[in-house]
């Protein structure tokens with residue numbers, strides 16, 4: 001697999017560390033460039049470019065943390081904070097614009113009515129990405 005560019009979508013979840021570490025290791029092996037993005041989902045009642053200071057602060061903190069994790073892997077990470085209506089389309093569009101070869105998604109183990117769920121972002125990315133997608137899901141034991 002020829003990887004030149006990797007996009008890691010971070011959310012502040014429990015799997016961000018693993019996703020960034022995996023992306024950093026793959027990038028280091030193939031001398032690829034690594035991008036990390038954080039998507040702020042903006043409610044439809046607000047303009048897309050609305051000033052959301054609390055969400056922006058959280059996004060910046062998550063991206064700064066991601067840079068620290070990548071540095072421990074001896075990898076330079078380029079980060080970007082995005083605002084969109086939904087994270088899935090924003091991730092797919094960003095991957096297409098940057099011409100990435102691989103998207104890595106961290107997926108916390110979540111349940112809905114007692115059943116494991118992928119949520120809405122991962123299925124969208126899996127269906128619509130024009131490149132490979134790797135999903136890094138946390139073990140179910142973490143949830144007890």
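The values are calculated or read from the model by the stated rules, or taken from the named source; none is laboratory data. For clarity, every value in this text was computed on a predicted model and none was experimentally measured. Counting neighbours? That spans all protein chains shown, and the Cβs are built from the backbone with ideal geometry, glycine included.
Observations on the structure shown:
- Per this entry, residue 100 is counted among residues that are at pLDDT 95 or above, closer than 17 Å to residue 27 by Cβ and in a loop (DSSP other than H, G, I, E, B).
- For the condition surrounded by fewer than 16 Cβ atoms within 10 Å (Cβ to Cβ), part of a helix (DSSP H, G or I) and without any contact (Cβ under 8 Å) to a residue 60 or more places away in the chain, residue 55 does not qualify.
- Subset tally (residues that are over 10 Å from the mean Cα position of the chain (by Cα) and buried (at least 18 other Cβ atoms within 10 Å of the Cβ)) for the range 102-120: 1
- When the test is whether a residue is free of Cβ contacts under 8 Å to residues at least 60 places away in the same chain, surrounded by 14 or more Cβ atoms within 10 Å (Cβ to Cβ) and outside any helix (DSSP H, G or I), residue 81 passes it.
- Residue list for the range 62-78, filter: out of contact with any helix residue (DSSP H, G or I) (no Cβ under 7 Å at 6 or more places or on another chain) and assigned to a strand (DSSP E or B): 78
- Condition check for residue 94: within 13 Å of the chain's Cα centre (by Cα) and surrounded by fewer than 18 Cβ atoms within 10 Å (Cβ to Cβ): no
- Any hit, the range 30-46, residues being farther than 15 Å from residue 91 by Cα, in contact (Cβ under 8 Å) with a residue 60 or more places away in the chain and out of contact with any helix residue (DSSP H, G or I) (no Cβ under 9 Å at 6 or more places or on another chain): no
- Scanning the range 103-130 for residues that are part of a loop (DSSP other than H, G, I, E, B) and more than 23 Å from residue 62 (Cβ to Cβ) yields a count of 3.
- Members of the range 14-46 found to be crowded, with 17+ Cβ neighbours inside 10 Å, assigned to a loop (DSSP other than H, G, I, E, B) and at pLDDT below 95, listed by number: 15, 32
- Scan of the range 100-124 for residues that are touching a residue at least 60 places away in the same chain (Cβ under 8 Å) and touching a strand residue (DSSP E or B) at 6+ places or on another chain (Cβ under 6 Å), ordered by number: 100, 101, 102, 103, 104, 105, 106, 107
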